[in-house]
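This report refers to the structure that appears directly beneath it.
The values are calculated or read from the model by the stated rules, or taken from the named source; none is laboratory data. None of these values were measured; they are calculated from a predicted model. Here the Cβ is made from the backbone with ideal geometry for all residues, glycine too, and neighbour counts use every protein chain on show.
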Amino acid sequence: MAGTVPTKKTLNMVLLTISCIAILVSAGLAYETPPFILPGVPEIVECWLSLTSIEGCVAEIYKLLVGGKIGVVGPDCCNAVTEIKDKCWPKMFPFSPVFPPLLHNSCAKSA
């Protein structure tokens, strides 16, 4: 049997077996991976909801943050600012702890 040539039937069986194994392996590996969510992101999104629901509010706050221009935050945006909980401010502006009081003061002056 050392010098025998495999028959066409034997080759077909080998190819069929390899194909079935390949299909089963890929089907077993095909699963949906859960989305990667950074820790704390859902809470941050929830904190921003009151501001993102008002058109232009985030842009007004950005202008105040970057330019320091008092009075650029409109009344609707200021109302949304007053609804933000104290625990949200450090999550929303982690690198600018002095900004939330500045924003509150700006809204208080415009009221």
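Before moving on, here are some points about what is shown:
- For the stretch 14-22, the criterion of being part of a helix (DSSP H, G or I), loosely packed, with under 12 Cβ neighbours inside 10 Å and at pLDDT 85 or above is met by none of the residues.
- Residues that are in a helix (DSSP H, G or I) and loosely packed, with under 14 Cβ neighbours inside 10 Å, drawn from the stretch 77-109: THR82, PRO90, PRO101, ASN105, ALA108, LYS109
- Checklist (1) modelled with pLDDT under 90; (2) more than 14 Å from LYS109 (Cα to Cα) applied to THR82, failing item: (2)
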